[in-house]
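Throughout, read-outs are computed from the coordinates displayed, never taken from laboratory work. Keep in mind the model is a prediction, meaning the values are calculated, not measured. Virtual Cβ from ideal backbone geometry, glycine too; neighbours counted across all protein chains shown.
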Amino acid sequence: MVTFMVARASTTGPRIARAGVLCVHILGVEQGALCRSFAVGGAEKFAGIVHAPARRRAG
């Protein structure tokens, strides 16, 4: 079981709502620093993290 809760004051919540989709990744214990970088408020979440946005699927 996994839960995802966005704080009412979060700037991320409205972005997720506008996108209409959400992708969830399950991190391993060795990825604690990565997890903390996304948990901090007010920060640029992807700063210094190599990533590529996924293409949206039709339908």
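Using a 10 angstrom cutoff on alpha carbons, build the Gaussian network for the chain and name the most mobile of Ala19, Ala33, Ala43. Result for the chain, Cα springs under 10 Å: Ala19 fluctuates most.
Once Lys and Arg get +1 and Asp and Glu get -1 on their Cβ, which of Ile49, Gln31, Val6 lies farthest toward the positive end of the dipole of the chain? Result: Val6, furthest along the dipole toward the positive end.
Computed extension gain for Leu22 through Ala7, at 0.36 nm per residue and net of the alpha carbon distance, reaches 3.8 nm.
Is the chain rounded, prolate or oblate when judged by the Cα gyration tensor, a ≥ b ≥ c being the square roots of its eigenvalues, rounded requiring a/c under 1.5 and prolate requiring a/b larger than b/c?
Rounded shape, in that the Cα axes give a/c under 1.5.
Around the amide H of Lys45, modelled in the peptide plane, lies no amide H under 5 Å away from a residue 5 or more places distant or on another chain. Backbone N atoms of segment 9-25 closer than 13 Å to the 7 Å Cα→Cβ label point of Ile49 belong to residues 12, 23-25.
Rounded to the nearest 500, the 222 nm mean residue ellipticity of the chain from helices alone is -7500 deg cm²/dmol, with -39,500 (n - 2.57) taken per DSSP H run of at least 4 residues.
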